[in-house]
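Chemist: Quick one: structure below, then a few questions.
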């Protein structure tokens with residue numbers, strides 16, 4: 001521990017020694033007042049990683065925010081955000097660094113509150129070990145179960161349970177054994193590779209660095225001794241070679257390098273490799289680097305590969321060992337953690353990023369939610385913030401992956417909201433769904449072009465969106481009449497009418513609204529395929545669903561028409577008396593009143609209904625179709 | 001994580017991966033180059049990431065006009081050696097108003113000549129990503145920051161609402177005007193930086209090494225008189241002392257330490273027995289424990 005003051009005379013030797021130290025990333029988690037931050041503060045302090053000026057600042061802060069009177073409050077050392085210091089809680093994960101004479105450590109201090117579960121998952125995703133704190137006075141709580149579950153879900157195989165505040169239960173062995181038994185009773189189900197349970201007092205330093213004389217009955221290792229010696233099995237270098245291509249380096253015609261980080265396995269010049277998605281095979285010719293060519297690269301290295309043959313490879317491809325390719329699929333089952341305030345609905349499209357691949361993804365089926373406190377499986381139609389569910393996902397195009405269990409890097413993904421760009425979910429892949437590959441699309445001889453040619457028009461979806469009472473149906477109706485009069489082939493899908501038939505089983509919850517639009521989108525797609533100019537008049541308040549409908553057809557086959565009317569005007573018109581009912585509370589989730597309308601950002605046409613006649617606006621739509629070649633003049 | 005690679009190799013690989021991800025996914029990235037040791041390491045890593053090509057983005061230095069002269073010379077030399085475009089930006093309004101650390105105080109001066117200047121430069125060039133050399137071990141609010149740290153169109157950081165950042169999957173999506181600050185050295189410690197400089201023989205500004213330099217002492221801080229613009233107080237006269245710098249910034253705001261260390265080995269040794277953290281040489285951090293968080297929320301790096 002005193003390495004800093006006993007630096008050997010030869011600094012070069014010392015540095016070489018530093019180089020060869022082991023390395024461990026771990027997280028600490030526990031409930032609100034279990035003392036996580038105090039524990040980390042204690043580790044930093046006792047391993048001499050706190051400097052004098054930081055200590056002085058700490059003493060100042062302890063007087064201001066601390067909860068320990070004049071004693072130094074170590075928690076203030078890690079709770080770095082003003083809001084955290086004021087509220088005395090940890091909100092976001094903090095990364096801290098310390099070293100012993102055996103290992104270097106990165107510790108992620110993660111929040112205990114249920115509403116910050118996503119931040120705990122962030123810390124856990126890069127850790128190899130978890131220290132779960134339990135307050136000796138309180139014993140195993142639901143939070144303890146939740147933390148253990150998240151830790152297990154994210155693939156952490158090593159757990160230390162620190163039963164803290166032993167000083168407050170008079171260092172009672174009986175109390176400790178009771179908690180130990182309670183934890184083991186459910187902890188067993190997670191099948192952790194190692195599970196140690198240590199009685200400690202972070203505040204007093206008992207069993208943190210050295211075994212404490214206050215608990216002679218405890219025969220195990222101190223917390224730090226355990227962290228110093230626990231074997232973190234790492235066979236990634238022995239696993240099949242994988243390197244997702246991150247960047248193609250082409251400085252000149254003679255050099256074409258594929259840059260990326262080896263996520264598993266080992267690679268050497270001469271190795272036979274295959275590109276996961278295309279199946280093209282080749283051989284490694286060189287591993288280039290600024291320090292000269294390398295003879296070998298292993299899991300974790302960021303490298304530049306040169307190949308023997310000219311193979312078409314770009315970012316998002318995965319170079320694999322030729323005798324063990326990654327799986328390729330566009331549908332799979334995964335555990336998902338939802339991290340956004342706005343709920344997840346099956347059918348809504350998100351961006352999915354895994355390794356260097358980004359595709360569009362939708363959850364096609366929520367199999368079940370998991371109660372993170374009781375581990376019960378619950379039926380679910382939607383997912384809310386911090387919930388975990390097992391689900392099926394469907395992608396816009398196939399990705400290369402391995403199950404998370406066998407490869408953490410190849411089996412993990414995040415979901416990104418396409419409009420807010422927020423990271424809204426994180427998932428771990430279990431297995432590909434085979435059924436996708438068993439349903440082959442039937443190729444039809446009379447295709448879309450044939451249908452359209454016969455009608456002498458270019459089919460498209462005219463998607464009218466806007467508030468209830470904005471005038472969508474009125475305008476769509478006029479447009480159809482005008483097109484019909486000109487001998488064009490059309491069909492009008494009206495929101496209210498469809499809800500009487502195809503969608504009569506759907507209500508007005510967000511989940512049902514998503515499904516409502518999905519079905520209408522699919523029907524429009526079929527009509528476009530049949531060569532029709534399809535008019536859709538739906539409130540369709542959410543950008544995500546309109547985007548989903550757009551994605552079903554070709555780019556130039558979707559014309560978004562925003563019928564723009566201020567809420568006050570629409571409410572005054574109120575042709576069906578719906579606003580009045582909504583205001584009276586008889587109608588729930590009414591767009592504009594207690595459910596939002598998200599204005600289009602890139603509509604092809606915006607029709608301003610205030611001060612314009614519906615007939616004039618309809619002509620505007622027809623002109624757009626003429627100008628863009630959908631119909632002849 | 002494999003245990004077969006040394007600690008430094010692992011850090012190097014992680015940083016290179018981060019740098020490449022930005023080049024691959026962002027439209028117009030830039031590397032903030034502050035000329036200090038961390039910037040030197042970051043530049044070295046960028047060169048490794050794209051070798052044999054030069055890094056596919058420019059370097060940018062926000063020049064407050066109060067940097068040490070030796071830093072400026074070093075900056076120009078390194079950019080040329082890396083084959084990278086160098087953008088130097090100064091807040092011209094601030095310069096015209098003669099905003100300086102002596103008359104206006106370190107806080108206001110930093111706001112105008114560093115934070116505002118940086119925002120001006122990022123807006124002017126429409127950069128959507130900017131690399132910075134900050135490390136999580138430097139300061140409490142930095143320990144909380146993501147590697148890919150989202151900024152609004154006004155360059156503001158919202159520490160309570162950061163994007164979750166899992167595994168090594170980085171969300172790089174931004175809308176027009178928004179940007180991401182990227183910190184490839186997040187997981188390095190001060191010791192790692194020095195060890196790496198030593199191992200890779202990375203050039204650093206000579207001010208890090210001990211030399212006899214003209215200094216004055218104010219409130220216990222040793223300030224180098226780098227040019228004639230520094231107003232001397234009554235009875236103050238610069239004296240030559242053997243000093244060096246643990247961190248580099250604007251010379252009137254950077255405290256020197258008395259030291260005879262003039263090799264990298266001696267610097268590392270001195271650092272290992274030091275009992276004061278490196279940022280204590282920077283005056284802007286002293287005001288309040290939360291001052292860094294506040295500055296960062298306003299757009300400071």
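The values are calculated or read from the model by the stated rules, or taken from the named source; none is laboratory data. All values reported here derive from a predicted model rather than from experimental measurement. With ideal geometry, Cβ positions are generated from the backbone for all residues, glycine too; neighbour counts draw on all protein chains shown.
Chemist: Considering each of B:175, B:144, B:140 in turn, give the residue that is surrounded by fewer than 22 Cβ atoms within 10 Å (Cβ to Cβ) and not assigned by TED's automatic domain parsing to the domain that holds residue B:268.
Modeler: Going through B:175, B:144, B:140 in turn, the sole match is B:175.
Residue-wise test of (1) at pLDDT below 90; (2) more than 19 Å from the chain's Cα centre (by Cα).
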{"residue": "A:414", "(1), (2)": "no, no"}
{"residue": "A:443", "(1), (2)": "yes, yes"}
{"residue": "A:452", "(1), (2)": "yes, yes"}
{"residue": "A:465", "(1), (2)": "no, yes"}
{"residue": "A:472", "(1), (2)": "no, yes"}
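Chemist: Working carefully through the options B:30, B:22, find the one that is crowded, with 24+ Cβ neighbours inside 10 Å, at pLDDT 95 or above and more than 7 Å from chain A (Cβ to nearest Cβ).
Modeler: On inspection, the qualifying residue turns out to be B:22.
Chemist: Looking at residue B:48 and the list (1) modelled with pLDDT of 95 or more; (2) surrounded by fewer than 21 Cβ atoms within 10 Å (Cβ to Cβ); (3) touching a strand residue (DSSP E or B) at 6+ places or on another chain (Cβ under 7 Å); (4) within 8 Å of chain A (Cβ to nearest Cβ), which single condition is not satisfied?
Modeler: Every listed condition holds for residue B:48 apart from (3).
Chemist: To continue, here is another question. Considering each residue of segment A:371-402, count those that are touching a residue at least 40 places away in the same chain (Cβ under 8 Å), assigned to a loop (DSSP other than H, G, I, E, B) and over 14 Å from the mean Cα position of the chain (by Cα), and give that number.
Modeler: Here the count works out to 7.
Chemist: Any residue at all in segment B:4-25 that is within 23 Å of residue B:179 (Cα to Cα), in the same structural domain as residue B:138 (by TED's automatic domain parsing) and in a loop (DSSP other than H, G, I, E, B)?
Modeler: The answer is no, given that none of the residues of segment B:4-25 is within 23 Å of residue B:179 (Cα to Cα), in the same structural domain as residue B:138 (by TED's automatic domain parsing) and in a loop (DSSP other than H, G, I, E, B).
Chemist: Just need a number here: residues in segment A:497-513 that are surrounded by fewer than 21 Cβ atoms within 10 Å (Cβ to Cβ) and outside any loop (DSSP other than H, G, I, E, B).
Modeler: 7
Chemist: Okay, moving on. What's the number of the condition residue B:9 fails, among (1) within 21 Å of the chain's Cα centre (by Cα); (2) without any contact (Cβ under 8 Å) to a residue 40 or more places away in the chain; (3) within 14 Å of another protein chain (Cβ to nearest Cβ)?
Modeler: (1)
Chemist: Filter segment B:255-274 down to the residues that are at pLDDT 90 or above and under 30 Å from residue B:105 (Cα atoms), then identify the one that is surrounded by the fewest Cβ atoms within 10 Å (Cβ to Cβ).
Modeler: B:258
Chemist: Name the residues in segment A:507-549 that are free of Cβ contacts under 8 Å to residues at least 12 places away in the same chain and under 27 Å from the mean Cα position of the chain (by Cα), would you?
Modeler: Once the filter is applied, which keeps residues that are free of Cβ contacts under 8 Å to residues at least 12 places away in the same chain and under 27 Å from the mean Cα position of the chain (by Cα), segment A:507-549 yields only A:512.
Chemist: Could you tell me whether residue B:56 is within 14 Å of another protein chain (Cβ to nearest Cβ), in a loop (DSSP other than H, G, I, E, B) and closer than 22 Å to residue B:127 by Cα?
Modeler: The answer is yes for residue B:56.
Chemist: Conditions first: (1) assigned to a strand (DSSP E or B); (2) within 24 Å of the chain's Cα centre (by Cα). Residue A:195 passes all but one, so which condition is the exception?
Modeler: (2)
Chemist: Do we have any residue at all in segment B:163-179 that's over 30 Å from residue B:269 (Cβ atoms), part of a helix (DSSP H, G or I) and facing chain A (nearest Cβ under 9 Å)?
Modeler: So far as segment B:163-179 goes, no, none of its residues is over 30 Å from residue B:269 (Cβ atoms), part of a helix (DSSP H, G or I) and facing chain A (nearest Cβ under 9 Å).
Chemist: Read through the list (1) surrounded by fewer than 21 Cβ atoms within 10 Å (Cβ to Cβ); (2) within 25 Å of residue B:64 (Cα to Cα); (3) touching a residue at least 60 places away in the same chain (Cβ under 8 Å), then give the number of the only condition that residue B:180 fails.
Modeler: Of the numbered conditions (1) surrounded by fewer than 21 Cβ atoms within 10 Å (Cβ to Cβ); (2) within 25 Å of residue B:64 (Cα to Cα); (3) touching a residue at least 60 places away in the same chain (Cβ under 8 Å), the odd one out for residue B:180 is (1).
Chemist: From A:335, A:377, A:368, grab the single residue that is within 14 Å of another protein chain (Cβ to nearest Cβ), farther than 25 Å from residue A:550 by Cα and modelled with pLDDT of 90 or more.
Modeler: Result of the check over A:335, A:377, A:368: A:335.
Chemist: Which residue out of A:237, A:288 is out of contact with any helix residue (DSSP H, G or I) (no Cβ under 6 Å at 6 or more places or on another chain) and either at pLDDT 95 or above or farther than 24 Å from residue B:9 by Cβ (or both)?
Modeler: Exactly one residue qualifies, and that residue is A:288.
Chemist: Could you give me the residue pairs with C-beta distances under 7 Å whose first residue belongs to segment A:170-194 and is at positive phi and in the same structural domain as residue A:221 (by TED's automatic domain parsing), whose second residue is modelled with pLDDT of 90 or more and part of a loop (DSSP other than H, G, I, E, B) wherever it lies, and which are 6+ apart or on separate chains?
Modeler: Once the first residue is at positive phi and in the same structural domain as residue A:221 (by TED's automatic domain parsing) and sits in segment A:170-194, its partners that are modelled with pLDDT of 90 or more and part of a loop (DSSP other than H, G, I, E, B) give A:171/A:214; A:171/A:215.
Chemist: Working only within segment A:602-619, note down all residues that are surrounded by 12 or more Cβ atoms within 10 Å (Cβ to Cβ) and either within 26 Å of residue A:547 (Cβ to Cβ) or within 39 Å of the chain's Cα centre (by Cα) (or both).
Modeler: Matches in segment A:602-619: A:603, A:604, A:605, A:606, A:607, A:608, A:609, A:617, A:618.
Chemist: Please find, among B:230, B:240, the residue that is away from chain A (no Cβ under 14 Å), more than 30 Å from residue A:424 (Cβ to Cβ) and touching a strand residue (DSSP E or B) at 6+ places or on another chain (Cβ under 6 Å).
Modeler: That would be B:240, the only listed residue that is away from chain A (no Cβ under 14 Å), more than 30 Å from residue A:424 (Cβ to Cβ) and touching a strand residue (DSSP E or B) at 6+ places or on another chain (Cβ under 6 Å).
Chemist: Take the residues in segment A:414-428 that are within 7 Å of chain B (Cβ to nearest Cβ) and in a strand (DSSP E or B), then tell me which one is farthest from residue A:276 (Cα to Cα).
Modeler: It comes out as A:423.
Chemist: Do we have any residue at all in segment A:272-282 that's more than 18 Å from residue A:400 (Cβ to Cβ) and over 30 Å from the mean Cα position of the chain (by Cα)?
Modeler: no
Chemist: Moving to a separate point now. Report, by residue number, each residue of segment A:292-321 that is part of a strand (DSSP E or B), within 26 Å of the chain's Cα centre (by Cα) and either loosely packed, with under 12 Cβ neighbours inside 10 Å or at the interface with chain B (Cβ under 10 Å from one of its Cβ atoms) (or both).
Modeler: Result: A:302, single match.
To keep it simple, each residue is scored yes or no on (1) at pLDDT 90 or above; (2) buried (at least 16 other Cβ atoms within 10 Å of the Cβ).
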position	(1), (2)
A:559	yes, yes
A:562	yes, yes
A:590	no, yes
A:596	no, no
A:625	yes, yes
